[in-house]
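A short write-up of the structure that comes next.
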Amino acid sequence: MTSSTRSLLVLLREGTEANHQRLEEHPLLRPLMASTLSLEQYSRVIAAFAGFYAALERGIQELSSGIDFPGYHYEPRLPLLLDDLAALPVCTVVPCTVAPEYSNENELVGMLYVLEGATQGGRVIAPRVQQHLALSETSGARYFNFYRQDSWREFRAMVEKRQEHYDCHRARDAACATFDNLYSHLEHCLSNSGDLFSERHDQ
Ligand code: HEM
C-alpha cells in the first residue's frame, strides 16, 4: 500500500473525527457506554437506527446497482435491527425525516465509510450489551455484533485499491453529512420519544 492509497481512509477518518465524537456523545447514544444501561435505553437506540438505516438503505440499493465494488458488497443492516427490535420492548421504528441524498459513487463511498466504520463501535458496545442486558449476537444484539463479519476490512481494502477513482473531498463531505444526518435523526427521535414506546400485548 502506498501513501497515496492510504490517504482517502486517513482523510475520511480525520475529516469526520469531530462528527463522530459529537455523535457518540448524543444523549441517546451515551448510555450505551454507561454501566447503568437499561433495556429501554438500548431499545431506543435500535429503534432510532432502524429508521435511519431504512432511509439510507433504499438509496444504497438504487445507487449501487450499476457500481462494482471489487471484493466488497454492502450487507443491509435493517434486517438485523428489525430482528433485534422483535426481541426488545419497543416496536415503533422512528421514520427518518432527514432524507439523505447521495447521487454519485464518491458520495456513496463516503456514506459507506460511515456505515462500515460504525461496526467498530460494536466491538466495544456488544460486550457491554451482553454483560448488562444479557442480549447476544443471536437475540437482541445482532446489529452490534455485525463487526464479526469483517466487512470493515473488506471495505477498507476496496477503498485502498480504488482510491484514485474517487474525489476524496466529495467522499469526505458525504461522510460528514451522513454523521450529521444521523445526529439530526437522533434529535428527532429524542423529541418524539413519547411516541417511541408502544405497549406490546405480550408484555
Ligand atoms: C456510543 C456510540 C459509539 C461508540 C462508543 C463508538 C466507538 C468507536 C470505536 C471504539 C471505534 C474504533 C476506533 C479505532 O479503531 O481507533 C469507532 C470507529 C468508527 N465509528 Fe464509532 N462509535 C459509536 C458510534 C458510531 C456511530 C453511530 C457511527 C456511524 C453511524 C460510528 C462510526 C464510526 C466510524 C466511521 C469509525 C471508523 C473510524 C476510522 O477508523 O476511520 N460510530 N467507533
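The values are calculated or read from the model by the stated rules, or taken from the named source; none is laboratory data. Bear in mind the structure is a predicted one, so any value in this text is a computation, not a measurement. Cβ coordinates were reconstructed from backbone atoms using ideal geometry, including for glycine residues, and neighbour counts include every protein chain displayed.
General remarks:
- Matching residues, region 101-151, being within 12 Å of the ligand (Cβ to nearest atom) and either part of a loop (DSSP other than H, G, I, E, B) or among the charged types (D, E, K, R) (or both): GLU116, ARG123, ARG128, TYR143, PHE144
- Exactly one residue out of GLU105, GLU116, GLU75 is crowded, with 19+ Cβ neighbours inside 10 Å, modelled with pLDDT of 95 or more and not aromatic (Phe, Trp, Tyr), and it is GLU116.
- Any chance LEU82 is within 15 Å of the ligand (Cβ to nearest atom), closer than 17 Å to PHE144 by Cα and free of Cβ contacts under 8 Å to residues at least 40 places away in the same chain: no
- When GLY66 is tested against (1) of a type outside the set (Val, Ile, Thr); (2) at pLDDT below 95; (3) surrounded by 15 or more Cβ atoms within 10 Å (Cβ to Cβ), exactly one condition is not met: (3).
- If the condition is being within 8 Å of the ligand (Cβ to nearest atom) and either more than 19 Å from SER184 (Cβ to Cβ) or modelled with pLDDT under 95 (or both), then region 18-31 contributes no residue at all.
Residue-by-condition table, conditions (1) under 30 Å from PHE69 (Cα atoms); (2) within 20 Å of the chain's Cα centre (by Cα); (3) modelled with pLDDT under 95; (4) exposed (fewer than 15 other Cβ atoms within 10 Å of the Cβ):
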| position | (1), (2), (3), (4) |
| --- | --- |
| GLY140 | no, yes, no, no |
| TYR147 | yes, yes, no, no |
| SER151 | yes, yes, no, no |
| HIS165 | yes, no, yes, yes |
| HIS169 | yes, no, yes, yes |
| HIS185 | yes, yes, no, no |
| ASP195 | no, no, yes, yes |
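- Residues in region 32-52 that are near the ligand (Cβ under 9 Å from one of its atoms) and buried (at least 18 other Cβ atoms within 10 Å of the Cβ): LEU32, VAL45, PHE49, PHE52.
- Candidates ARG13, ARG30: the one that is among the basic types (Lys, Arg) and more than 20 Å from ASN145 (Cα to Cα) is ARG13.
- Exactly one residue out of SER35, SER64 is hydroxyl-bearing (Ser, Thr, Tyr) and either in contact with a helix residue (DSSP H, G or I) (Cβ under 6 Å, 6 or more places away or on another chain) or closer than 30 Å to LYS161 by Cα (or both), and it is SER64.
- From the list ALA50, ALA55, the lone residue that is of a type in the set (A, V, I, L, M, F, W, C), within 15 Å of the chain's Cα centre (by Cα), modelled with pLDDT under 95 and over 14 Å from ALA175 (Cβ atoms) is ALA55.
- Residues located in region 35-73, provided they are of a type in the set (Val, Ile, Thr) and either assigned to a helix (DSSP H, G or I) or under 27 Å from LEU88 (Cα atoms) (or both): THR36, VAL45, ILE46, ILE60
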